[in-house]
1. If I model a spin label at Leu453 and Ile398 as a point 7 Å from the Cα along the Cα→Cβ vector, what separation in nanometres do I get?
2. Report the dimensions of region 298-423 along its three principal axes from the alpha-carbon atoms, largest first, rounded to Å.
3. Per 0.36 nm of contour for each residue apart, how much would the distance between Ser358 and Asn319 grow if the chain were fully extended, relative to their Cα-Cα spacing?
4. With contacts defined as alpha carbon pairs under 8 Å and 6 or more residues apart, what's the relative contact order of the chain in percent?
5. Using a/c under 1.5 as the rounded threshold, could you call the chain rounded, prolate or oblate? The axes a ≥ b ≥ c are square roots of the C-alpha gyration tensor eigenvalues, and prolate needs a/b larger than b/c, oblate otherwise.
6. Report the gain in length on full extension from Lys367 to Leu121: 0.36 nm times residue separation, minus Cα-Cα distance, nm rounded to one decimal.
7. Heavy-atom accessible area of Arg88 with all protein chains present, probe 1.4 Å, nearest 10 Å²?
8. Any aspartates and glutamates with Cα under 12 Å of the Lys467 Cα? List them, leaving off those in the same chain fewer than 8 positions away.
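The values are calculated or read from the model by the stated rules, or taken from the named source; none is laboratory data. This structure is a prediction, so every number in the text was calculated from the model and none was measured. Counting neighbours? That spans all protein chains shown, and the Cβs are built from the backbone with ideal geometry, glycine included. Note: areas computed on protein heavy atoms with side chains; ligands, DNA, RNA excluded. Shrake-Rupley method; radii C 1.70, N 1.55, O 1.52, S 1.80 Å.
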Amino acid sequence: MDNMYDVAIIGAGISGLFIAYELAQKKLRVLVVDKKSEPGFGVSKAHAAIIHVVQLPFKSLKSRLAREGNKMYDEICRRLGVKLVRLRTLVVARNPLHLLLLPFMYWYLKRNIGSEFPVSLVLSRKKLKKIEPGLSRRVLGGIVIGGYGIVNPFDLMYALYEFSIQNGVDFRFNTEVTGIRVEEDYVEIITSSGVYRSHYLINAAGLYADDIARMVGDSIKIELGKGVLIVFEKTPLRNIVAPAYLIPSPKTKGGAAMLTTEGRGIWGPNLTPIKSKENVSVEERDVKSILGKFSPLIDGDLGVPLKAFAGVRPIPEGNDFVIRFSSNSKRVIHVAGIESPGFTAAPAIAKRVLALLSDAGLNLVKKEEIFERIPPRRLREIEVSEAYLGRLGKVVCICNMVSEAEVREAIRRGSRTLQGVMFRTGAGMGLCQGSMCVAEILRIMSGELKVSLEDLTLRGGGSWIVKKRE
Ligand SMILES: Cc1cc2nc3c(=O)[nH]c(=O)nc-3n(C[C@H](O)[C@H](O)[C@H](O)COP(=O)(O)OP(=O)(O)OC[C@H]3O[C@@H](n4cnc5c(N)ncnc54)[C@H](O)[C@@H]3O)c2cc1C
């Protein structure tokens, strides 16, 4: 049967993509379905992209998988041609009470993760400033934890997507799963664009993993926690800076002043309990509380604030990842409640899912031939003289130095929406936030995709951008 797969994955977020990447290397027929128009348009679209080290409690599954996933990142990023920057996190004290607590925190961290990641206590402001010149003079001391990382999350997700496609995985976007029937030998997946069958099904549906679980008769409870992040034009920081807390929260690490691989500052996130999965509003109080929390820790030029955005965490009951078989059948595996640090943990989550598949009886045989991904060339990453040879065409986005050829290449590699092109290339994400290049990008998209401007959308669905004059 043509619609029969070995493994079907619901969700092309970071969890589903890493699972697809692993399965693409095995002799299997694999399908990924997602109701959005492009990969990574769910929870994985709006987060901080920090490869974390410290996640409390250390014995939790999310903490263990984050440490395991963290260590896998160098090898994966090298293989896929994705930039990974390794840096440190400084947990700093600004008042004497917090300073007094630092030795205890240090001892606790050293004891729990000291054998895996470097941890040091620095009780001198001068020494700390040497490690991180962007720190405010009000900081008295801190704990320095090595092994953190930053990646461009879209580079990584598109790389995983392209690698999976090149190695035979089928993707169906704009395809919403509306029902599931679990039979003895296979699972039937009813979607908005047809019915698929698969021997095994992975529920990696992010915020909607509870709905998918319900379709197979399981109950998984998810709470929603909105987090706002503010992006600045630049940052004086080379490392992540977080304030020391007296009592850690089980639901959030508390946020930090961070940076992106493009050298921008990114501060947050906070945590607000919400009721709607689609609530990504940013309130004035969010911005004020984030600025109030991190401004006293930093000293230096941040340029102008570029934007504030929100993401929603699927916080599971018990505050830990749910990665297990359905209670009704070993043919279905839930990957639910993948809140922070899910991005960090994703490579290890995928390995765990493969172990469960093997336990359920799936034969995981390595392919003899794997096609490696060739990363796209970027104007801003090559010598100017080479660019002048004209190989990369004219510049479309002046702020981020993105060429017309890069936009065309992004579309050829799968971008179908304006945000897809922006996230893939970085066009429209600089100082002017797209006001100078969006029209030109749309014109190129219309030509490449052979659709009218009115049919192009920001992020799929009904998010049209251009309206014909009546
Ligand atoms: C504000 C914030 C900051 C964060 N910062 C960090 C960080 O710095 N480091 C870190 O490690 N983690 C961080 N995280 C956590 C991380 O973003 C998530 O753990 C991760 O993105 C979850 O990915 P996922 O693939 O499980 O879910 P998703 O990305 O949501 O993917 C699920 C996919 O399933 C699809 N889907 C849902 N229902 C259906 C259906 N019925 N049919 C078809 N498709 C469906 C959705 O469209 C979606 O694309 C942060 C999260 C937030 C909100």
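1. 2.0
2. Principal extents (largest minus smallest coordinate, Cα): 60, 48, 29 Å.
3. 11.4 nm
4. The normalised contact order for the chain reaches 20 percent.
5. Values: a/c = 1.70, a/b = 1.18, b/c = 1.44.
It is oblate, given that a/c is not under 1.5 and a/b is not larger than b/c.
6. This chain segment gains 83.8 nm when fully extended.
7. Arg88 exposes around 100 Å² with every protein chain in place.
8. The qualifying aspartates and glutamates are Glu454, Asp455.
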